[in-house]
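To start, the structure under review is shown below, and the notes come after it.
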Amino acid sequence: MPSTKSSHSRTMATSLVRRAGVRMTRQRRAVLETILASHDHPTAAIIFDRTKAHMPGISLATVYNCLETLSETGIINHLNFDNGPSRFCPNLEPHVHLLDDTNNRVLDIQLKPGLRPEDVFELPEGTCVTRMDACLHGNIPV
C-alpha cells in the first residue's frame, strides 16, 4: 500500500500534468514525482538516479525528454546557474534562488509577505512581471 506522502505526490503530479494539457505517461509521472519529492534543486543526472531506483528500466534520454516536456509546459522550472549543470525546481510561486558559493547548495527564497517583484526592483513604467529567474550568490551558514 502506498504511503500517504507518495499518494499525495502522485495525485499532485497527475493534476499538474493534466492542467498543462500533457498526456501523463508512467515515465513523466515517475520523473515528476521525483522532482516533487526533492528540495535540493536536483540536476538531470540526480533525477535519473533517484527515478531509476523505483523505475529501473528508465533511460537517461527518457528522463531528459520528460524534463524538457515538464519545463516547456510550465510544470517545473528549468534553472541554469553560471556554467553548472541545469537544475530543476518544482516551486512555481514567485521566488528567487540563493546559490551557496561554498558548496553549490540552492535554496528557494520567497518574497516577504505582501511584496511583489514590482515593489523590489526599479522596473520601467508599465512593466508586468510574469515570472522571476533571479539568483543570489553568497555563503549560507550551515
- Which of PHE88, PHE81 has the fewest Cβ neighbours within 10 Å, and the rest in rising order: PHE81, PHE88
- Item | Residues MET132 and PHE81, FRET efficiency given R0 of 22 Å [Cβ-Cβ distance, rounded to 0.05] | 0.90
- Note on the structure: Among ILE75, ILE35, ILE46, the residue with the largest mean-square fluctuation in a Gaussian network model of the chain built from Cα contacts under 10 Å is ILE46
- Query: Which angle between 0 and 90 degrees, to the nearest 10, do you get for helix 60-72 versus the longest principal axis of the chain when only C-alpha atoms count?
  - Reply: 40 degrees
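Provide the percentage of antiparallel DSSP beta bridges, counting only those with both residues in the chain; round to the nearest 5. Walk me through the numbers before you get to the answer.
On the way: 9 of 13 bridges.
Here the antiparallel bridges make up roughly 70 percent for the chain.
Give me SER15, SER71 sorted ascending by neighbouring Cβ count inside 10 Å, so fewest comes first. All intermediate terms of the calculation are to be shown ahead of the outcome.
Working: SER15 11, SER71 16.
Listing SER15, SER71 from fewest to most nearby Cβ atoms yields SER15, SER71.
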- Can you figure out the FRET efficiency of GLN110 with ALA61, using R₀ = 30 Å and their beta-carbon distance, to the nearest 0.05? 0.30
- Query: Within a Cβ distance under 13 Å of PRO117, other residues only, what is the Lys/Arg minus Asp/Glu net charge?
  - Reply: -2
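Rounded to the nearest 500 deg cm²/dmol, what is the calculated helix-only ellipticity per residue at 222 nm for the chain, with -39500 (n - 2.57) per DSSP H run of length n ≥ 4? All intermediate terms of the calculation are to be shown ahead of the outcome.
Numbers: 5 runs with 55 residues, N = 142.
So the helix-based figure for the chain works out to -11500 deg cm²/dmol.
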- Note on the structure: Which residues qualify? For CYS135, with a placed amide H closer than 5 Å and at least 5 residues away or on another chain, they are HIS97
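GluC sites (Glu not before Pro), restricted to segment 34-142: which are DSSP loop and have at most 16 other Cβ atoms within 10 Å? It would help to have the intermediate numbers written out before the result.
Numbers: sites: GLU68, GLU72, GLU118, GLU122, GLU125; in loops: GLU122, GLU125.
Hits after loop and neighbour filter: GLU122, GLU125.
Could you please rank VAL22, VAL31, placing first whichever residue has the fewest other Cβ atoms within 10 Å of its Cβ?
Values: VAL22 15, VAL31 29.
Fewest to most other Cβ atoms nearby, the residues stand as VAL22, VAL31.
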- What shape does segment 93-138 take by its C-alpha gyration tensor, where a ≥ b ≥ c are the square roots of the eigenvalues and a/c under 1.5 counts as rounded, a/b above b/c as prolate, and the rest as oblate? prolate
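Read-outs throughout are calculated quantities, based only on the coordinates presented, and are distinct from any laboratory measurement. These figures come from a predicted structure and were not determined experimentally. Glycine also receives a Cβ, built like all others from the backbone with ideal geometry; neighbour counts cover every protein chain displayed.
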